[in-house]
Amino acid sequence: MSAPAPHYDAVIIGAGMSGLAAAVRLGMYGRRVLVLERHNAPGGLNSFYARGQRKYDVGLHALTNWVPEGVKGAPLVKLMRQLRIRREELDLCPQLGSRVAMAGRNLRLNNCFDDLLADVAQEFPKSVDRFRELDAWIAGLDEAALEAHGGSARALLDERLGDPLLRDMLLLPTCFYGSALEDDIEVSQFAVMWRSLFREGFARPFIGVRQVIRLLIDRCREHGVERRMKCGVKRMEVRAGRVAALQLDDGTEVTAGAVYSSAGAVETLRLRSDALPQVGAESVGRLGYAETIATYAPAAFAGFGWQDTIVFFCDAERFSYRSPKGLVDPSSGVICIPNNYQYGGGRALDEGWLRVTALANHDSWCALPESEYLARKQEWCGRLNRVARAHLPAVADTTHDAALTSTDVFTPRTVRKFTGHLNGAIYGSTVKRRDGRTDLENLFLIGTDQGFLGVTGAMLSGISMANLHGLKA
């Protein structure tokens, strides 16, 4: 007679930020927890990989919601308290300064809302009072509420500001850092982004995303959380309105009192034994990104004079946030220079870094034969690099090329391969479930499709769902 399947209080699908945070929170209270991850590296959408001696961050441009020490009630403070993480353990270094650039105008995003307000007053004097009123209205929303305030942020901005350019300059960073909807962002998501990008700000651990992942894994070990890497969930057996068992990639089976999935709403649905293969197709997100990474010899890079931390740019007359018809849409995107944080203590990154993110078409990238795929990656690496440099102090091509030490590119095809997100959609489904519930009484969503945004939001998603469904139940 075979032994019964191992039973856990909670099984967590995915070792990303939300999954690890949920595991820590449940483990702190003595729950027996298993984390399952199909790939060999934790972090999910915010992970890292190595090429030789060089480690590349994936996803993390900045940890948003940064606030100075002593600020009470901020999301970052709540996160640290819930996971019992000391501020110094995160080693957060605030940015030098970021901006939104469009139509020859700039709005500063430099961890100081008054500077943003001053720029709105200078660039859009007829709209500044309405901007203040909008800020006050958003402050009255509970952006973390599980009953989300729905609706179109684009329509909200048109109604309350009445200036299409200002509307687009506010949508540009909030969409790129959090929207699964084409040409829009849902109002409650916009409110989250307003606080995390405009009211609070950007910081980065000196070693990047690895610092956060290490902390979460260390906390998992401290609280006896079991992790299985290279072992995903193949199928969830559904009986009597519950997940009765999980069949794993290695052929084994486990059972759980509760299952928390960070795989995505549709992706999780398609794991169920009672689901048809293409169920949920209408809710699959379409928005994928390509990102290029270039590194430079440090001495030469220092002479480039690139002082921005992050630049959200749009070179078109109107901001379009849609899956492009071609491989990449270079008309808008995000430029990130990880060197430009206040690292302190004489610390500096070993090389210069330039990361450029733009909208990309999943189906077009996946349709390419392998040789052409590699060639197009190299082509777009150069093209996006040149687009970004047009928004930075000019550096001659010969000087730039002589300083270049490495390049790399990832596409929606890469994202799908390593995260399982359908369409390589960074922000997942177009439908979010803020309370994390599904129609199965013991299956809950965490992460991207629960609806909290960014690295901080992802961890808070795992924490809040663990609290609601695992510790209060």
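The values are calculated or read from the model by the stated rules, or taken from the named source; none is laboratory data. Keep in mind that this is a model prediction, so the values were computed, not measured. All Cβ positions, even for glycine, are placed from backbone atoms using ideal geometry, and neighbour counts span all protein chains on display.
Residues of the stretch 103-125 being surrounded by 17 or more Cβ atoms within 10 Å (Cβ to Cβ), free of Cβ contacts under 8 Å to residues at least 60 places away in the same chain and part of a loop (DSSP other than H, G, I, E, B), which ones?
124
What number of residues within the stretch 22-33 are surrounded by fewer than 23 Cβ atoms within 10 Å (Cβ to Cβ) and either of a type in the set (A, V, I, L, M, F, W, C) or in contact (Cβ under 8 Å) with a residue 12 or more places away in the chain (or both)?
4
Looking at 386, 413, can you tell me which residue is in a helix (DSSP H, G or I), touching a residue at least 24 places away in the same chain (Cβ under 8 Å) and not polar (S, T, N, Q)?
413
If I go through the stretch 331-375 residue by residue, how many of them are under 20 Å from residue 422 (Cα atoms) and touching a Cys at 6+ places or on another chain (Cβ under 7 Å)?
0
Looking only at the stretch 217-244, which residues are more than 23 Å from residue 25 (Cα to Cα) and either assigned to a helix (DSSP H, G or I) or small (Gly, Ala, Ser) (or both)?
If the condition is that a residue be more than 23 Å from residue 25 (Cα to Cα) and either assigned to a helix (DSSP H, G or I) or small (Gly, Ala, Ser) (or both), then 240, 241, 244 are the ones that fit.
Does the stretch 390-409 contain at least one residue that is at pLDDT 95 or above, farther than 18 Å from residue 178 by Cα and buried (at least 22 other Cβ atoms within 10 Å of the Cβ)?
No, there is no match, as no residue in the stretch 390-409 is at pLDDT 95 or above, farther than 18 Å from residue 178 by Cα and buried (at least 22 other Cβ atoms within 10 Å of the Cβ).
Does at least one position in the stretch 465-473 carry a residue that is farther than 23 Å from residue 272 by Cα, modelled with pLDDT under 95 and among the basic types (Lys, Arg)?
Yes.
Which residues, counting only those in the stretch 287-299, are part of a loop (DSSP other than H, G, I, E, B) and either without any contact (Cβ under 8 Å) to a residue 40 or more places away in the chain or crowded, with 22+ Cβ neighbours inside 10 Å (or both)?
287
Please pick out the residue among 315, 308 that is within 30 Å of residue 374 (Cβ to Cβ), touching a strand residue (DSSP E or B) at 6+ places or on another chain (Cβ under 7 Å), surrounded by fewer than 22 Cβ atoms within 10 Å (Cβ to Cβ) and acidic (Asp, Glu).
315
What number of residues within the stretch 45-70 satisfy the criterion of being under 19 Å from the mean Cα position of the chain (by Cα) and outside any loop (DSSP other than H, G, I, E, B)?
The number of residues fulfilling the criteria is 6.
Name the single residue that is surrounded by the fewest Cβ atoms within 10 Å (Cβ to Cβ) among those in the stretch 168-218 being β-branched (Val, Ile, Thr) and closer than 26 Å to residue 71 by Cα. Walk me through how you get there before you give the answer.
Filtering the stretch 168-218 down to residues β-branched (Val, Ile, Thr) leaves 174, 185, 187, 192, 207, 209, 212-213, 217.
If we keep only those that are closer than 26 Å to residue 71 by Cα as well, we get 174, 187, 192, 207, 209, 212-213.
On the way: 174: 24, 187: 21, 192: 30, 207: 15, 209: 23, 212: 27, 213: 23.
Residue satisfying both the conditions and the ranking: 207.
Return the residue satisfying two criteria in turn: it lies in the stretch 318-335 and is in a loop (DSSP other than H, G, I, E, B) and charged (D, E, K, R), and of such residues it is surrounded by the fewest Cβ atoms within 10 Å (Cβ to Cβ).
So, considering only residues that are in a loop (DSSP other than H, G, I, E, B) and charged (D, E, K, R), the one surrounded by the fewest Cβ atoms within 10 Å (Cβ to Cβ) is 325.
Could you list all residues from the stretch 255-286 that are out of contact with any helix residue (DSSP H, G or I) (no Cβ under 8 Å at 6 or more places or on another chain) and assigned to a loop (DSSP other than H, G, I, E, B)?
Hits for the stretch 255-286 are 263, 270, 271, 273, 274, 276, 277, 278.
Considering each residue of the stretch 239-256, count those that are closer than 19 Å to residue 274 by Cβ and either of a type in the set (Asp, Glu) or not assigned by TED's automatic domain parsing to the domain that holds residue 36 (or both), and give that number.
Total satisfying the criteria: 1.
Quick one: residue 229 ticks every box in (1) within 24 Å of residue 428 (Cα to Cα); (2) crowded, with 17+ Cβ neighbours inside 10 Å; (3) among the hydrophobic types (A, V, I, L, M, F, W, C) except a single one, so which number is it?
(2)
Only one of 89, 69 is surrounded by fewer than 21 Cβ atoms within 10 Å (Cβ to Cβ), free of Cβ contacts under 8 Å to residues at least 40 places away in the same chain and of a type outside the set (A, V, I, L, M, F, W, C); which?
None of the others qualify; the one that does is 69.
Please go through the stretch 219-251 and give me each residue that is over 26 Å from the mean Cα position of the chain (by Cα) and on the phi > 0 side of the Ramachandran plot, ordered by number.
224, 240, 241, 251
Residues to consider are 165, 157, 246; find the one that is in contact with a Ser or Thr (Cβ under 8 Å, 6 or more places away or on another chain) and either surrounded by fewer than 21 Cβ atoms within 10 Å (Cβ to Cβ) or over 26 Å from residue 341 (Cβ atoms) (or both).
Unique residue meeting the criteria: 246.
Being of a type in the set (Gly, Ala, Ser) and touching a His at 6+ places or on another chain (Cβ under 9 Å) is the filter here; which residues of the stretch 245-264 pass it?
Scanning the stretch 245-264 gives 256, 257, 258, 263, 264.
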